[in-house]
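The next block holds one structure in the form of structure tokens; read it before the comments.
Bear in mind these aren't lab numbers, they're just calculated from the coordinates by the rules spelled out. Keep in mind the model is a prediction, meaning the values are calculated, not measured. Note that we place each Cβ from the backbone using ideal geometry, even for glycine, and neighbour counts take in every protein chain shown.
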Amino acid sequence: MPEKDLIMGRRAFLFKTALFFAGSLLGFKGLSTSVARACTTNPKIAIIIDDIGFSKDRLYEFLDIGACLTFSILPKLPMSAPLAEKIHSFGYEIMLHQPMEPLDPAVDPGPGAVYVEDPLDKITNTIKENINETPYVTGINNHMGSRFTACGNEMKEALTVVRESGLFFVDSLTTNRSTGYRTARTMNISAARRNIFIDNVQDEAHIAMQLENLKGLAQLFGHATGIGHPFPETARAVRGFYNNIRTTDISMVPVSTLLT
């Protein structure tokens with residue numbers, strides 16, 4: 001067989017394998033919808049930068065890139081509200097990065113957190129207060145929360161606040177047991193879920209590779225959502241990635257444009 005035919009055959013095999021694997025994750029109905037979207041629209045990528053609220057300088061490293069990013073702000077930090085104001089002035093989308101209880105009780109999710117053992121009214125009041133204190137919030141995603149997001153009743157209480165506040169929800173998927181996205185959709189809340197943590201290893205080369213993986217998902221399914229953090233390595237990798245795709249048909253978009 002000619003070398004060209006071998007290469008084309010291998011590409012077809014890899015593509016079919018990717019579709020089969022995706023089908024096992026999404027179900028074939030979800031798969032057909034995703035592939036149809038990929039065939040009819042240009043690929044879209046949303047990147048959320050979590051943990052905003054500690055450093056103005058770290059934020060500016062991302063604002064200077066010029067890419068369409070979404071920023072998620074931790075509540076009740078001294079710089080939370082001022083940085084939200086700054087992000088808004090640049091025209092970027094803002095989310096509340098709501099702290100939720102992790103599995104490890106030794107890990108502190110930070111101020112403004114909600115816990116499984118909290119009374120339901122405390123969960124409601126805590127999240128409402130965090131929303132009210134963070135200007136220009138349009139959506140919420142969970143900070144930590146590997147225990148909380150796996151608990152259906154507590155998650156439903158939290159999402160009731162999201163719905164009543166007219167916000168959307170992005171499941172950060174810090175655990176594969178999370179009920180967040182599924183519960184949001186049953187409550188008719190616009191929602192999305194994270195595909196890749198781009199900087200789970202804090203190394204620029206690794207982050208660049210994760211961004212390429214994110215691009216591959218967007219090209220396959222039409223869209224993909226990544227989450228990163230305000231590390232200098234992440235800023236450099238995102239800058240390089242954005243410069244590389246600027247002349248392609250791939251768009252970086254606010255995460256609110258990828259909701260279901």
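Of the residues THR247, THR183, THR174, the one with the fewest other Cβ atoms within 10 Å heads the list, and the complete ranking is THR247, THR183, THR174. The count of lysine pairs in the range 43-258 that are at least 8 places apart or cross chains, and whose C-alpha atoms lie under 14 Å apart, stands at 4. In plain terms, the chain from ALA205 to ARG163 could stretch by 11.2 nm, reckoned as 0.36 nm per residue minus the Cα-Cα distance.
How would VAL201, VAL162 line up from fewest to most surrounding beta-carbon atoms within 10 angstrom?
Values: VAL201 13, VAL162 23.
Listing VAL201, VAL162 from fewest to most nearby Cβ atoms yields VAL201, VAL162.
Extension gain, ASN176 to ASN243, is 20.8 nm, computed as 0.36 nm per intervening residue step minus the present C-alpha separation. From least to most packed, judged by other beta carbons within 10 angstrom and beginning with the fewest, ASP50, ASP118, ASP203 follow the order ASP203, ASP118, ASP50.
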